[in-house]
Amino acid sequence: MEAVVDRARAWAQTERHFEVDAEQLRACLLAVLPADRVLCAPEELAPYECDGLSVFRAQPLAVVLPQSEDEVVAVLKVCHEMGVPVVPRGAGTGLSGGAMPHPQGVVLSLARLNRILAIDPVARTARVQPGVRNLAISEAVAPYGLYYAPDPSSQIACTIGGNVAENSGGVHCLKYGLTVHNVLAVRGFTASGEPVAFGSVAPDAPGYDLLALTIGSEGMLAVVTEITVRLLPKPVVAKCLLAAFDSVRAAGEAVAAVIAAGIIPAGLEMMDRGATVAVEDFIHAGYPTDAEALLLCEADGTEAEVAEEIARMKAVLEAHGATEIRVSRDEAERLRFWAGRKAAFPAAGRISADYYCMDGTIPRRAIGAMLEAIREMESRYGLRCLNVFHAGDGNLHPLILFDANVPGEWERAEAFGVEILERSVALGGTITGEHGVGVEKINQMCVQFTPEEREAFFQIKAAFDPDGVLNPGKAIPTLHRCAEYGKMRVSGGALPFPELPRF
Amino acid sequence: MTDETQQRIISEWQKRLHTARERRQPVRIRGGGSKTHLPWCRIPDEAVVIDTRAWRGVERYEPTELVVTVRGGTPLDEVEALLAERNQWLPFAPPRFRAGTTIGGVVASGLSGPTRLGHGTVRDAVLGVRLLDGRRRVLRFGGEVMKNVAGYDVSRLLVGSWGTLGVLLSVSLKVSPVPPASATRRFAMTAVEASRQLNRWAGQPLPLSAALWADGTLWVQLHGARAAVEEAGVQIGGERVAEDEADALWQHVRDHREPLWAVPDGLVLWRLSVPPTAPITEVGARFWFEGTGGIRWVVAPPDWDGFAYAAQLGGWAWRWQGAASRWMSARPETVAAIEARVRDVFDPDRLFGDGPFGEG
Ligand SMILES: Cc1cc2nc3c(=O)[nH]c(=O)nc-3n(C[C@H](O)[C@H](O)[C@H](O)COP(=O)(O)OP(=O)(O)OC[C@H]3O[C@@H](n4cnc5c(N)ncnc54)[C@H](O)[C@@H]3O)c2cc1C
Ligand SMILES: Cc1cc2nc3c(=O)[nH]c(=O)nc-3n(C[C@H](O)[C@H](O)[C@H](O)COP(=O)(O)OP(=O)(O)OC[C@H]3O[C@@H](n4cnc5c(N)ncnc54)[C@H](O)[C@@H]3O)c2cc1C
């Protein structure tokens, strides 16, 4: 792990250096917050050293745990005046190092701003603080027959503030959209502590769409302190169909065929055999473990609507070579079908010391080709990879298995991941579908965007945060970094696409 | 269009932007010329015009990927006809106002038709853009895939930017399968009853697609799976409207046609966007609403202050026509300052004018 910590330090140092007097900073924070909301001791800071991507770690100078907007503003003002980096943090489940601390900065945890402020069942909205957990919203509005649609697999833990910052998705987003489609308005503060509000509970808002810029901005444009979400009526029933295939390519083609038939499933997920076996050993969902690929295909709506759609989906899958099809007979069976898919990450954790989750998105038609390419990479890098997919939207989550205690394995896992991401761009896709760039994919941003596009991103950042203190160094690589990365790639020579075409 | 032709047109436009900047001349982006009745789209005599109509064509259409990539000057009609061949559509049904509306204009104006209630808006459907900005940079954001969080979401920033940040060279849009069945139901109701009823329905799993209340009548369009539309029709009741009458009605609403959108001389048309459950009062000389009550149209005397009225309801207003010192509700100072700096990113010299955003 020591090597990993060094890398994080090196990351911070290639970016701008901040001169900060740690003692003075802590004194100023203690002047605006009660002592139990300012953490400074190394053992208190330890849990905050990383997010869900634990290979990247750094120790901040302090962690603050404000309990009100006023306290958030007070912290922002102290840091702004002293020129101290501020890294917002929700539950720390992020998978790209977005909430990784800055070694000369403060971690601003929003976890204690965790109240649901208002539920309006008639207007179908809920106004919540950023530290509210994703699932807690749906639980709170369930008595009204409503729910909040985006459902990341981490939904029992991750916060709505983190969802906004990452534009998180879930297994139902092909039909119901991502965070950006389900958040109506946010309130928050700029790095200098100025209040801002974007979006509206009206059907639209005047002026430029700054809400869209804020969603998915990885905590770099504003600190969000209040969110109004759209709620949807719960479908009367949902049914899930499980289909087995004897090749990943056939399963990939079946996915395209479902869409071509004019069906938008409520969920459309795919797992390869490695993932199926790992999950089955763990959860006993009853998956056929001899199939090369499984599809989970969900229909929701009224009874008649679901019956109609399941019949159509079944016909398409049969015509495209499904070797076995099961339709959930009741809610318990439907949940069992999903339980396996939702446990894919922990299942990987069970069979391997560590795993590294990738997040590229590619056109659906390329799914089969991508899986075959990954299989070839497995043997080249000497590491196993389990594949789970939000197949409906072409979002891949290859889980590369490695052991950080075996010298060289992490480096190989990382190179493997990089190759998948750069292949995603080459196939007309993107390096990140929903987990964000953070520190993890910052080099691949050099591959996906031109210097002028990256310049525009920096300019947008400066439009919100002219002093550059909010989560600095994340998501957008400097020209210098990309030049260095270019050199590394050429001299390393290991990459199969020296001149990747941009999509 | 060959690569050379594209390169030639872009260079030509870059040159025009450069000269305009040197000479301090305004630049205006002209698509189909279909929104000429909107005062902020008026092109000043001294302006350099970038006419996008030569910049047309579908770059890529992948029905199974649910995405179409189209050059900015492509007529909307052409795109819709192409999608219809594969039984797909742009579900936000943008207004056309007049023949010739371009995709660039659709995205730049950010306007969506009545089906936004059930199928979302143009903002929801935008996946990626290619832009020629006021600094003469050709930039690409987003892409053709459904999920993409690499970099800030500039594609959506450009929706509703009214040509003030740059020329939309191409746009990738998410398309949808046309739902198999639709039906329109009619009810005699007051505006207050209609909005209350609609909000109640919207909280239930019904395939609501569009709604309009005008002159004591509520019209509701259902759109979805055959079974769902049939069941919902029975559930909500009302009177079934014949198919061609319903089609004519929704086209009318989509394109803001007269007589409903007719504004007598001396009166002013306002578009209010307010929380759908805000109290409904039939203000002005004429009043009608779309959706569950969130988009309210008011024909009012010239001295009526739609901005103040909408603010009181928790929303905002758009003065839809006529000379005015302001067309769109003002934003708080901190937000306006960020908007101005965002404009600096793409058009520091303010070549493209203020669109509907500034003081008139
Ligand atoms: C097992 C597992 C499964 C997952 N499944 C999914 C999935 O299906 N779909 C998906 O999209 N993601 C998934 N994720 C990733 C992760 O859960 C999401 O990115 C989530 O939105 C992060 O929320 P968080 O509260 O943990 O945020 P953090 O990790 O604490 O922070 C994430 C980013 O948001 C910023 N941030 C947090 N709060 C605020 C705020 N209030 N204001 C401004 N910026 C803020 C941080 O600075 C950071 O950049 C998964 C993660 C795990 C561990
Ligand atoms: C009274 C009056 C008289 C007029 N007389 C004339 C005249 O004589 N000659 C003339 O040429 N025009 C005239 N116009 C100009 C007319 O306003 C513009 O042609 C038109 O508004 C530009 O948009 P559009 O109608 O093509 O609509 P759309 O194409 O729908 O465009 C609407 C908005 O989108 C922007 N836009 C369109 N395409 C793009 C793109 N690709 N990228 C970025 N932004 C884009 C436009 O700048 C505009 O803000 C007149 C207007 C008025 C009100």
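The values are calculated or read from the model by the stated rules, or taken from the named source; none is laboratory data. Bear in mind that the values here come from a model prediction, so they are computed numbers and not experimental data. Heads up, the Cβs are rebuilt from the backbone with ideal geometry, glycines too, and the neighbour counts pull from every protein chain shown. Only protein heavy atoms, including side chains, enter the accessible area calculation; ligands, DNA and RNA are left aside. Shrake-Rupley method; radii C 1.70, N 1.55, O 1.52, S 1.80 Å.
Only residues that are surrounded by fewer than 22 Cβ atoms within 10 Å (Cβ to Cβ) and within 11 Å of ligand 1 (Cβ to nearest atom): list them for the stretch A:173-188, please.
A:ARG187
Does at least one position in the stretch B:33-43 carry a residue that is open to solvent by less than 50 Å² (accessible area, probe 1.4 Å), within 14 Å of chain A (Cβ to nearest Cβ) and more than 16 Å from ligand 1 (Cβ to nearest atom)?
Scanning the stretch B:33-43, I find at least one residue that is open to solvent by less than 50 Å² (accessible area, probe 1.4 Å), within 14 Å of chain A (Cβ to nearest Cβ) and more than 16 Å from ligand 1 (Cβ to nearest atom), so the answer is yes.
Mind checking which residues of the stretch B:1-31 are assigned to a loop (DSSP other than H, G, I, E, B) and closer than 18 Å to B:LEU165 by Cα?
Those that are assigned to a loop (DSSP other than H, G, I, E, B) and closer than 18 Å to B:LEU165 by Cα: B:ARG24, B:GLN25, B:PRO26, B:GLY31.
With respect to the numbered conditions (1) touching a Leu at 6+ places or on another chain (Cβ under 7 Å); (2) over 15 Å from A:GLU23 (Cα atoms), which one is the sole condition not fulfilled by A:LEU61?
Result: A:LEU61 passes all but (2).
Output the residue which, of all residues in the stretch A:444-479 that are assigned to a helix (DSSP H, G or I), open to solvent by 10 Å² or more (accessible area, probe 1.4 Å) and closer than 15 Å to B:VAL138 by Cα, is farthest from the other protein chains (Cβ to nearest Cβ).
Here the answer is A:PRO451.
Has the stretch A:61-72 got at least one residue that is outside the structural domain of A:GLU194 (by TED's automatic domain parsing), more than 25 Å from the chain's Cα centre (by Cα) and over 24 Å from A:PRO466 (Cα atoms)?
Checking the stretch A:61-72: at least one residue is outside the structural domain of A:GLU194 (by TED's automatic domain parsing), more than 25 Å from the chain's Cα centre (by Cα) and over 24 Å from A:PRO466 (Cα atoms).
Restricting attention to the stretch B:268-277, does a residue exist that is of a type in the set (S, T, N, Q) and either assigned by TED's automatic domain parsing to the domain that holds B:THR115 or open to solvent by less than 10 Å² (accessible area, probe 1.4 Å) (or both)?
Yes - at least one qualifying residue is present in the stretch B:268-277.
Restricting to the stretch A:103-121, name every residue that is of a type outside the set (S, T, N, Q) and touching a Gly at 6+ places or on another chain (Cβ under 7 Å).
A:LEU110, A:ALA111, A:ARG112, A:LEU113, A:PRO121
For B:VAL178, work out the one condition from (1) surrounded by fewer than 21 Cβ atoms within 10 Å (Cβ to Cβ); (2) away from every other protein chain (no Cβ under 13 Å); (3) among the aliphatic types (A, V, I, L, M); (4) in contact (Cβ under 8 Å) with a residue 40 or more places away in the chain it doesn't fulfil.
(2)
How many residues, within the stretch A:79-122, are more than 27 Å from the chain's Cα centre (by Cα) and either within 16 Å of ligand 2 (Cβ to nearest atom) or open to solvent by 20 Å² or more (accessible area, probe 1.4 Å) (or both)?
Result for the stretch A:79-122: 7.
Residues checked against (1) over 21 Å from A:ALA222 (Cβ atoms); (2) modelled with pLDDT under 85:
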position: A:ASN443; (1), (2): yes, no
position: A:VAL447; (1), (2): yes, no
position: A:PHE457; (1), (2): no, no
position: A:LYS461; (1), (2): no, no
position: A:GLY473; (1), (2): no, no
position: A:LEU479; (1), (2): yes, no
position: A:ARG489; (1), (2): yes, yes
position: A:GLY492; (1), (2): yes, yes
position: A:PRO498; (1), (2): yes, yes
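Within the stretch B:141-164, how many residues turn out to be touching a residue at least 60 places away in the same chain (Cβ under 8 Å) and within 8 Å of ligand 2 (Cβ to nearest atom)?
Residues that pass the stated criteria total 4.
If only one of A:ALA339, A:ALA348, A:ALA344 is more than 19 Å from the chain's Cα centre (by Cα) and small (Gly, Ala, Ser), which one is it?
Exactly one residue qualifies, and that residue is A:ALA339.
Among the residues of the stretch B:129-151, is any within 16 Å of ligand 1 (Cβ to nearest atom), part of a loop (DSSP other than H, G, I, E, B) and β-branched (Val, Ile, Thr)?
From the stretch B:129-151, those within 16 Å of ligand 1 (Cβ to nearest atom) are B:145-151; that's our starting set.
Keeping just the survivors that are part of a loop (DSSP other than H, G, I, E, B) gives B:145-151.
Keeping just the survivors that are β-branched (Val, Ile, Thr) gives B:145, B:149.
Scanning the stretch B:129-151, I find at least one residue that is within 16 Å of ligand 1 (Cβ to nearest atom), part of a loop (DSSP other than H, G, I, E, B) and β-branched (Val, Ile, Thr), so the answer is yes.
Report yes if B:VAL129 is under 18 Å from A:THR430 (Cβ atoms), among the aliphatic types (A, V, I, L, M), within 16 Å of ligand 2 (Cβ to nearest atom) and in the same structural domain as B:GLY31 (by TED's automatic domain parsing), otherwise no.
Values: under 18 Å from A:THR430 (Cβ atoms): yes; among the aliphatic types (A, V, I, L, M): yes; within 16 Å of ligand 2 (Cβ to nearest atom): yes; in the same structural domain as B:GLY31 (by TED's automatic domain parsing): yes.
Considered against the rule, which asks whether it is under 18 Å from A:THR430 (Cβ atoms), among the aliphatic types (A, V, I, L, M), within 16 Å of ligand 2 (Cβ to nearest atom) and in the same structural domain as B:GLY31 (by TED's automatic domain parsing), B:VAL129 comes out as yes.
So B:GLU230 ticks every box in (1) in a strand (DSSP E or B); (2) over 25 Å from the mean Cα position of the chain (by Cα) but one. Which box is left unticked?
With respect to (1) in a strand (DSSP E or B); (2) over 25 Å from the mean Cα position of the chain (by Cα), B:GLU230 is out only on (1).
Can you list the strands (runs of 3 or more DSSP E) lying wholly within the stretch A:144-255 that have 1 or more residues being within 29 Å of B:VAL67 (Cβ to Cβ) and facing chain B (nearest Cβ under 9 Å)?
A:195-199
Which pairs do you get when a residue that is without any contact (Cβ under 8 Å) to a residue 40 or more places away in the chain, found in the stretch B:334-360, comes within reach of a residue that is among the charged types (D, E, K, R) and away from ligand 2 (no atom under 16 Å from the Cβ), reach meaning Cβ atoms under 7 angstrom, with the pair 6+ apart or on two chains?
Every condition considered, the pairs that remain are B:THR334/A:GLU194; B:GLU339/B:ARG331; B:GLU359/B:ARG326.
Scan the stretch B:152-162 for residues that are within 13 Å of the chain's Cα centre (by Cα) and in a loop (DSSP other than H, G, I, E, B) and jot them down. Break it down stepwise before answering.
First, pick out the residues of the stretch B:152-162 that are within 13 Å of the chain's Cα centre (by Cα): B:156, B:158-162.
Within the stretch B:152-162, B:VAL159, B:GLY160, B:SER161, B:TRP162 meet the criteria.
Could you pull out the residue among B:GLY294, B:GLY353 that is within 13 Å of chain A (Cβ to nearest Cβ) and under 20 Å from the mean Cα position of the chain (by Cα)?
B:GLY294
Yes/no matrix, rows are residues, columns are (1) more than 7 Å from every other protein chain (Cβ to nearest Cβ); (2) open to solvent by 20 Å² or more (accessible area, probe 1.4 Å); (3) aliphatic (A, V, I, L, M):
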{"position": "B:LEU90", "(1), (2), (3)": "yes, no, yes"}
{"position": "B:ALA93", "(1), (2), (3)": "yes, no, yes"}
{"position": "B:ALA99", "(1), (2), (3)": "yes, yes, yes"}
{"position": "B:GLY104", "(1), (2), (3)": "yes, no, no"}
{"position": "B:LEU117", "(1), (2), (3)": "yes, yes, yes"}
{"position": "B:ASP124", "(1), (2), (3)": "no, yes, no"}
{"position": "B:ARG130", "(1), (2), (3)": "yes, yes, no"}
{"position": "B:ARG136", "(1), (2), (3)": "yes, yes, no"}
{"position": "B:GLY151", "(1), (2), (3)": "no, no, no"}
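Scanning the stretch B:78-99 for residues that are in contact (Cβ under 8 Å) with a residue 24 or more places away in the chain, outside any loop (DSSP other than H, G, I, E, B) and farther than 19 Å from A:ILE263 by Cβ, which turns out nearest to ligand 1 (Cβ to nearest atom)?
B:VAL79
Name the pairs whose Cβ atoms lie under 7 Å apart, with the first residue in the stretch A:87-99 and basic (Lys, Arg), the second in a loop (DSSP other than H, G, I, E, B) and within 6 Å of ligand 1 (Cβ to nearest atom), and 6 or more positions between them or separate chains?
A:ARG89/A:ALA99; A:ARG89/A:LEU110
Would you confirm whether any residue within the stretch B:41-55 is touching a Phe, Trp or Tyr at 6+ places or on another chain (Cβ under 8 Å) and near ligand 2 (Cβ under 10 Å from one of its atoms)? So that I can check it myself, show each step before the final result.
At the first step, the residues of the stretch B:41-55 found to be touching a Phe, Trp or Tyr at 6+ places or on another chain (Cβ under 8 Å) are B:41, B:50.
Now narrow it down to the ones that are near ligand 2 (Cβ under 10 Å from one of its atoms): B:41, B:50.
Within the stretch B:41-55 (the criterion being touching a Phe, Trp or Tyr at 6+ places or on another chain (Cβ under 8 Å) and near ligand 2 (Cβ under 10 Å from one of its atoms)), the answer is yes, since at least one residue qualifies.
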